[in-house]
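K.L.:
I have a structure I would like to understand better, so I am pasting it below and will then ask my questions one at a time.
No lab work stands behind these numbers, since they all come straight from the coordinates. The structure presented is a predicted model; accordingly, all values stated were derived computationally and were not measured. Quick reminder, even Gly has a Cβ in these numbers, built from the backbone with ideal geometry, and neighbours come from all protein chains shown.
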Amino acid sequence: MDGSGSWDAIDWNQIEDPRPRRSGQAVKESMDDFLLEDEEVLAQGHGVVLLNNRDAGTLSVTNFRLLFVSQAKKCVIELGTIPLTTIEKLNDDVKLQPLPHLSDKNHPRELLQVIGKDMRIIVFAFIPRTQQKNEVFDALRRYTKPANLRSLPLQGVEEVSLCNEWWRLTRVNSSYSLCSTYPSELIVPRSISDEDLFQASPFRSGKRLPVISWCDPGSGAVLARSSQPMVGLMMNFRNNADEKLVCALSSRTIDEKGSPRKLYIIDARPRANAIANGAKGGGSESSSNYHKSEVLFLGIQNIHTMRESLSRLRDYVDAHGSISSNGSPSAVSVVGDRRNRGSTWGGGNLNSMTSFSSTLGEWLNHIQNILVGASWIAAQISEEAASVLVHCSDGWDRTTQLVSLACLLLDPYYRTFSGFQREWEFQQ
């Protein structure tokens with residue numbers, strides 16, 4: 001994918017040289033005014049050019065984001081700043097088109113392209129013959145695609161305290177032997193022993209057994225997450241420990257009269273997809289095996305369908321939009337306006353609007369399904385005092401989105417900066 005701008009047009013004489021000015025002393029730019037609380041710089045490059053707008057400045061990889069600060073304006077440039085979890089892809093082999101009247105031979109290309117999940121495409125140019133690009137690139141690869149949980153630079157997450165007669169905090173996963181993709185500390189029903197957890201985990205895809213993400217302090221209803229049960233093609237495989245664990249999520253009664261609590265098992269997938277997963281050993285629960293439960297399907301497509309839909313929308317914006325996904329005016333918008341004498345809308349002609357409507361509608365339908373699902377889950381917990389277990393196939397993309405959004409709706413704490421960071425770190 002081509003980047004924006006041209007390497008030949010950069011005037012390196014106007015960019016601060018990051019190499020030592022005096023023996024033993026390197027140029028170091030203070031970042032204190034631009035860092036958030038508990039944010040730390042992991043890698044840094046000076047004299048970096050954001051090719052999208054030709055701004056030169058300091059590019060930092062922190063434990064939260066990729067941060068670009070303008071050298072001239074002394075402020076954060078939002079276009080070049082993106083949270084690490086929003087980075088979809090990195091590309092260090094970027095091709096730029098040189099200007100016709102200038103030569104590219106004397107300038108080795110030290111470029112880095114960052115593609116965001118928010119449809120941004122950002123290109124940074126580093127001063128030639130330095131190691132800055134490698135240091136930034138290596139840090140981004142390490143922290144945007146961590147090999148394991150220990151690689152994440154998490155900060156300031158206080159210990160969870162939710163131990164009472166119904167729930168307990170267990171450190172059974174401290175060595176990640178129970179589930180390698182779950183936190184070291186888990187909240188589970190008090191009636192469930194650590195041995196029960198070990199017996200239940202193999203029955204769930206990736207050993208992602210049901211664990212509690214949030215508890216209503218008033219009603220005692222819980223929001224839990226897991227992956228799909230391995231019930232098999234005929235949906236007849238069962239696991240006593242898993243059934244005991246799931247039923248324990250709703251064991252606490254609603255009121256003093258002992259009214260039973262409803263348990264909703266929310267399968268984020270279309271029903272047909274859940275059945276098809278039976279061929280690979282997966283599937284969905286049968287309500288007859290889980291006491292006082294109801295199984296519902298939300299019909300949300302998988303991550304591959306989501307990515308393809310977003311990719312089509314991004315391609316359309318780049319081809320027909322007045323501003324492309326890299327933040328610069330699209331060539332089509334300029335040419336289109338001249339060709340159609342101002343009769344275009346957003347850079348595309350009237351014939352392209354049908355395609356745009358279809359492409360945008362497909363993407364917005366995916367978003368709507370997630371938002372509707374999360375609000376329904378929050379409503380059942382808040383209004384009905386029901387407990388809810390959420391899963392998809394592997395218990396990550398759709399499950400994470402639904403549970404995180406439901407927590408944001410249910411608890412004002414997660415709408416604060418510290419609460420949002422803590423929730424995202426756990427769900428990731």
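K.L.:
Pop a pseudo-label 7 angstrom from the Cα along the beta-carbon direction at both ASN53 and ASP93 and give the gap in nm to one decimal.
P.N.:
So the two model labels end up 3.1 nm from each other.
K.L.:
Please enumerate, by chain and number, the lysines with C-alpha under 25 Å from the C-alpha of LYS244, excluding those fewer than 8 residues away in the same chain.
P.N.:
Hits, sequence-local ones excluded: LYS207, LYS257, LYS262, LYS280, LYS292.
K.L.:
One quarter of the convex hull surface, Cα atoms only: what value does that give for the stretch 216-290 in nm²?
P.N.:
Directional mean of the projected Cα hull area for the stretch 216-290 stands at 5.6 nm².
K.L.:
With θ set to phi - 60°, apply the Karplus curve 6.51 cos²θ - 1.76 cosθ + 1.60 along the stretch 177-193 and write out the HN-Hα couplings as whole Hz, x wherever there is a Gly or Pro.
P.N.:
7, 6, 8, 5, 10, 9, x, 6, 10, 10, 9, 9, x, 4, 6, 9, 7
K.L.:
Going 7 Å from the Cα of SER358 toward and past its Cβ, which residues in the stretch 290-310 have a backbone nitrogen under 19 Å from where you end up?
P.N.:
Those under the cut-off are 305-310.
K.L.:
Taking H as built 1.01 Å from N, whose amide H comes closer than 5 Å to the amide H of SER213, not counting residues under 5 places away?
P.N.:
Excluding prolines and chain starts, which carry no amide H, the hits are LEU223, ALA224, ARG225.
K.L.:
For the modelled label position 7 Å from the Cα of SER180 along Cα-to-Cβ, which residues of the stretch 389-421 have backbone nitrogen atoms closer than 19 Å?
P.N.:
394-397
K.L.:
In straight Cα distance, which lysines are under 20 Å from LYS117, not counting same-chain residues fewer than 8 positions off?
P.N.:
The reachable lysines, counting only those whose Cα sits under 20 Å from LYS117, are LYS89, LYS145.
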